[in-house]
Amino acid sequence: MLFSIIYSVDCPSGTDIADFAPPVLDLFDETEDDDQYDYGYLEGEWENGHHRKWCGILNREQFDAFLEYTGLYAEDVETMGSLGAPGCGIGWAPAISFTNDDPEAIQSAYVTPLPETTRESLGEEDWNRIRAAVLAVY
């Protein structure tokens, strides 16, 4: 199984955004920076904070290390999916939401598990089974 990841981080101005970068940056592409920061309406340090978004595809070992390093955990919520998830083309892909409760940053990831299969397509029943397995593990 591979994991397509869209990982987003926002933090206050006094916090180094690099502290929340993925553990192996070479496995990710940075797709957004401070120009896309959306929390300037918050007061104090958050007014001039920092933003980054990284996208990548990880194998199971890399994904486990990524979650351990970032402290992200799966949320049992329905999502609308990811738009342009790595490895999934330009359209929508189903996704599982991951988050972290760190007070120093707003962290989130949309993760699309990519089963390595010879089947031409996967249906909703297949997705529900994969989603349940990911939620059970993470």
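The values are calculated or read from the model by the stated rules, or taken from the named source; none is laboratory data. In this text the structure is predicted, and so the values were computed from the model without any measurement. As a convention, Cβ positions derive from the backbone with ideal geometry for all residues, glycine included, and neighbour counts pool all protein chains shown. What goes into the accessible areas is simple: the full protein's heavy atoms, side chains included, and nothing from ligands, DNA or RNA. Shrake-Rupley method; radii C 1.70, N 1.55, O 1.52, S 1.80 Å.
Looking only at residues in the stretch 44-83 that are polar (S, T, N, Q) and open to solvent by less than 50 Å² (accessible area, probe 1.4 Å), which one is modelled with the lowest pLDDT?
My answer is SER82.
Would you pick out the residues in the stretch 57-98 that are farther than 23 Å from GLY123 by Cβ and without any contact (Cβ under 8 Å) to a residue 24 or more places away in the chain?
Within the stretch 57-98, GLU61, ASP64, GLU68 meet the criteria.
Which one of the conditions (1) closer than 22 Å to ILE17 by Cβ; (2) open to solvent by less than 50 Å² (accessible area, probe 1.4 Å); (3) among the aromatic types (Phe, Trp, Tyr) does TYR41 fail to meet, given that it meets all the rest?
Single failed check for TYR41: (2).
Hey, among the residues in the stretch 102-138 that are within 20 Å of TRP54 (Cβ to Cβ) and charged (D, E, K, R), which one's surrounded by the fewest Cβ atoms within 10 Å (Cβ to Cβ)?
GLU104
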